[in-house]
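Visitor: Please see the structure below; I have some questions.
A short reminder: the numbers here are calculations on the coordinates, not readings from a lab. Note that this is a predicted model, so its numbers are computed, not measured. A quick note on method: Cβ atoms are made from the backbone with ideal geometry, for glycine too, and the neighbour counts reach across all protein chains shown.
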Amino acid sequence: MKWMVGLMLLSGLPAAYGSRIAVIDSGLDYKHEMIERNLWTNQLEVEDRRDNDGNGYQDDVHGWNFAEQSGNIIDYKYLGTFSPDCRKFFDIQGKVFLGQATEEEIEWVQTKFKDPKFIPELSKFGNFVHGTHVSGITIENSKNEVMGVKLIPTEIKPFFDGLTQKSAQFDRWDLLATGFSKLAAEQMKLLTEIGYFVNQHKMDVANGSFGTGFNQAKMIADIAFKVLFFRKPTPEESKKAAGLFISSLITAGQSFVKAAPNTLFVFAAGNDGMSNDEFGTSPANIKADNAITVGATYKNEFFAPFSNFGVKMVDIAAPGMLIKSAIPGNEYLHVSGTSQAAPYVAKVAGMIKDANEKLSPLDIKKILMGTVDKKSFLSEKVAAGGIVNIDRAIYAAELSKKVPVLIAVTTAKFKIADAPVVKSLVNPEFIVPIQLPSMFR
């Protein structure tokens, strides 16, 4: 891992369009027709295999690939290598959401799930398109500029190598907690470096549609438990061990958001349909003035059944079902998940900052949460009790140039009406969301 030492030059110039948003994800197709017009460019860097701005990152013209330590924020070798079945799966999933899938289409999906070759391909496809899809959402109908920060490679390898067995004279739970702390700290080193990179380039917003949910933590924790206790854990022990690991990740993750205090981090809540208040998800459960966590809805009609929730740990809701956005190769796809809800909020956060550049991350967070459309179906799901309202949030941001944020928010509530609800025929009981790779939320 590479760390910068000493003074670093501030790279880039003031945004040509609007706010700067870093998408920390799986890569970004910077040649995509939807992306290129809102692509962030480091004006002090030239793609010539030299570190022109002296910041320790050679050729970080449009961002940086932390997965492979290079300026290549997408690996185009995967373009055109996937079978049509991957897109077909997403198309059928969309029909299922709308209650329009035929018995033959549902049977096709069930058959593909039994194909040992299809699931790995779908996972790889999900990795490849995810970062570009998220990026498109952050800039759609806005002046925001997007920077690619590649965290996760297209082909993910397991990151857990097990814990060393210790003598029985030690308390095994203490050893387990110590091991998890060390593992979490090692994982968060990279995220902390990313935080410093985001801070150096003066990003206004950073989107994080990735993480480790309770179920993923449980798999890792169960393996570690077997190593130290020489047996399988009971259900209670499994839950306790997974909780220890999640807590370690969240504690270590504080350094991630602290590394960029002037950036608002927007995290996806997770797609396990579980309470983050009870079970936890990382980095979604990181609590900080410059961090906000997002659950998913279908438009402004109902809470997505797959979305994680929690009035303590999930701050706000945003549309995250059947969201059409860019994927590599000048193509588009409808995808669902809190991964899509988070960049929607990131986009609005960027627009708020553009309306009043003097607003701090905490101010932006207050405006986002204070100007929501209150919904009864969200009252016990998210802290704000509502869904983001773009017009009201921007109005409050503009007004905040003249009055305090709290007064601006209060005034905006009276001046801007809730967004109209157009009832559709979507039945939430029939929703079966796609399970993207575990690192994506």
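Visitor: Highest GNM mean-square fluctuation, the chain, Cα pairs closer than 10 Å: which of A184, A224, A101?
Guide: A101
Visitor: Give me the dipole magnitude in Debye, nearest 20, for the chain about the Cα centre, with unit charges on the beta carbon: positive for Lys and Arg, negative for Asp and Glu.
Guide: Here the size comes out at about 920 debye.
Visitor: Mind checking which helices in the chain clear 24 Å along their axis (Cα) and have mean Kyte-Doolittle hydropathy of -1.0 or more, DSSP H runs only?
Guide: 118-139, 172-200, 235-258, 338-355
Visitor: Here's something else I'd like to know. Under 1.5 on a/c is rounded, so check that first for segment 214-314, then, if it is not, pick prolate when a/b is larger than b/c and oblate when it is not; a ≥ b ≥ c are the square roots of the alpha carbon gyration tensor eigenvalues.
Guide: Taking the square roots of the gyration eigenvalues as a ≥ b ≥ c, segment 214-314 is oblate.
Visitor: Right, another one. Could you work out how far the C-alpha centroid of segment 202-249 sits from that of segment 348-364, in angstrom?
Guide: After rounding, the separation between the Cα centres reads 34 Å.
Visitor: Suppose a student asked you for the relative contact order of the chain, using Cα pairs under 8 Å spaced at least 6 residues apart; what percent would you report?
Guide: The normalised contact order for the chain reaches 19 percent.
Visitor: Residue farthest toward the positive end of the dipole of segment 250-375, with Cβ of Lys/Arg at +1 and Asp/Glu at -1: which of M274, V294, G329?
Guide: Result: V294, furthest along the dipole toward the positive end.
Visitor: List nothing, just return the count: lysine pairs in segment 209-313, 8 or more apart or interchain, with Cα separation under 30 Å.
Guide: For segment 209-313, the number of qualifying lysine pairs is 21.
Visitor: Quickly work out the E278-to-E357 label distance, labels modelled 7 Å from Cα along the C-beta direction, and quote it in nm with one decimal.
Guide: Computed distance between label sites E357 and E278 equals 4.7 nm.
Visitor: Using the Cα gyration tensor of segment 275-405, with a ≥ b ≥ c the square roots of its eigenvalues, what is the shape: rounded (a/c below 1.5), prolate (a/b larger than b/c) or oblate (neither)?
Guide: oblate
Visitor: With a 10 Å radius around each residue's Cβ, average the other Cβ atoms per peptide and rank 317-323, 252-258, 106-112, 410-416, highest first.
Guide: Per-residue Cβ counts within 10 Å, averaged per peptide and sorted highest first, yield 317-323, 252-258, 410-416, 106-112.
Visitor: Taking the Cα centre of the chain as the origin and placing charges on Cβ (Lys, Arg +1; Asp, Glu -1), which of P420, V382, V149 is farthest toward the positive end of the dipole?
Guide: V382
Visitor: Taking springs between alpha-carbon atoms closer than 10 angstrom, which of F97, F229, F267 fluctuates most in the Gaussian network model of the chain?
Guide: Its mean-square fluctuation being the largest, the pick is F229.
Visitor: Taking the mean number of other Cβ atoms within 10 Å as a proxy for protection, how do you rank 284-293, 35-44 from highest to lowest?
Guide: Output ranking for 284-293, 35-44: 284-293, 35-44.
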